[in-house]
Every structure is written in C-alpha cells, then in structure tokens.
Amino acid sequence: MEFTVDKKTLENAMTNIVSVAPAKAIKPILSSVLIECSDAVYLYATDMETSIRIKLEGASAQSSGKTAVDAKTLFENANTGAQFYMGYGAYETYYLGA
C-alpha cells in the first residue's frame, strides 16, 4: 500500500481524526487511524461513540491496501515536508516527507 498526498490536505484531515481517536484508549486499536487505499484514499477513526471517515482529496494511491497506524504518530509526521508519502510493507511502515 502506497499513497502520496499534499501536506495541507493530510494536516486538515488528521486534525479531525485526532479529535475522534482518543490518545489513551481502553482498546489500543481505538487510538489508531485506518488508512484504506483503493480508487481513492480514505481515513477512518472511532472512539466507539463517534466515527469519522475522510476522503483525502487529491491523494494519489500507487497501490491498494489497508493498514492501521497510530493517529498521533501520523499526525506528527504529517507536519513535515510539502508532500507526504506513506508506504506499508510486510514488515514495516515508513513515512517520508518529500
């Protein structure tokens, strides 16, 4: 799974995601954001009472897939570079601000 998106688009989306995904959740998965790449790139989060789904406008998905990433970590990484690239392999997740 790989995608590229404008920094400002990701920052705006993650600001909304972080408001829903609790930092200290009873279930650790609730502090994550689900990223889905298919024909478009979507971000999902929930706190079991409120859910959010955001389509990243202008995002380019190079390959499809789904993964869950810690929302706070992704938010912090979104604040680097002018473009944001994320790739997810079998053994690692890596972030690159280009």
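Among the residues of the stretch 22-37, write down those that are surrounded by 16 or more Cβ atoms within 10 Å (Cβ to Cβ) and over 16 Å from Phe75 (Cβ atoms). Please lay out each step first, then the result.
Taking the stretch 22-37 first, the residues surrounded by 16 or more Cβ atoms within 10 Å (Cβ to Cβ) are 22, 30-37.
The answer is Glu36, Cys37.
Listed by first and then second residue, the pairs with beta-carbon distance under 8 Å, at least 6 apart or on different chains, first residue in the stretch 1-21 and within 12 Å of Phe75 (Cα to Cα), second among the acidic types (Asp, Glu), are Thr9/Glu57; Ala21/Asp47.
Can you work out which of the residues in the stretch 38-66 that are farther than 18 Å from Asn12 by Cα and of a type outside the set (Ser, Thr, Tyr) is surrounded by the most Cβ atoms within 10 Å (Cβ to Cβ)? Spell out how you get there, then give the answer.
Pass one, the stretch 38-66, residues farther than 18 Å from Asn12 by Cα: 38-39, 47-50, 61-66.
Narrowing the set further to residues that are of a type outside the set (Ser, Thr, Tyr) leaves 39, 47-49, 61-62, 65-66.
Values: Asp39: 7, Asp47: 16, Met48: 10, Glu49: 6, Ala61: 19, Gln62: 11, Gly65: 14, Lys66: 13.
Once the filter is applied, the top-ranked residue is Ala61.
Would you confirm, using the coordinates I've provided, whether Thr73 is in a helix (DSSP H, G or I), surrounded by fewer than 16 Cβ atoms within 10 Å (Cβ to Cβ) and either modelled with pLDDT of 90 or more or among the β-branched types (Val, Ile, Thr) (or both)? If you could, list the steps in order and put the result at the bottom.
Details: in a helix (DSSP H, G or I): yes; surrounded by fewer than 16 Cβ atoms within 10 Å (Cβ to Cβ): yes; either modelled with pLDDT of 90 or more or among the β-branched types (Val, Ile, Thr) (or both): yes.
In short, yes.
The values are calculated or read from the model by the stated rules, or taken from the named source; none is laboratory data. All of these numbers come straight from a predicted model, not from anything done at the bench. We place every Cβ from the backbone using ideal geometry, glycine too, and count neighbours over all the protein chains shown.
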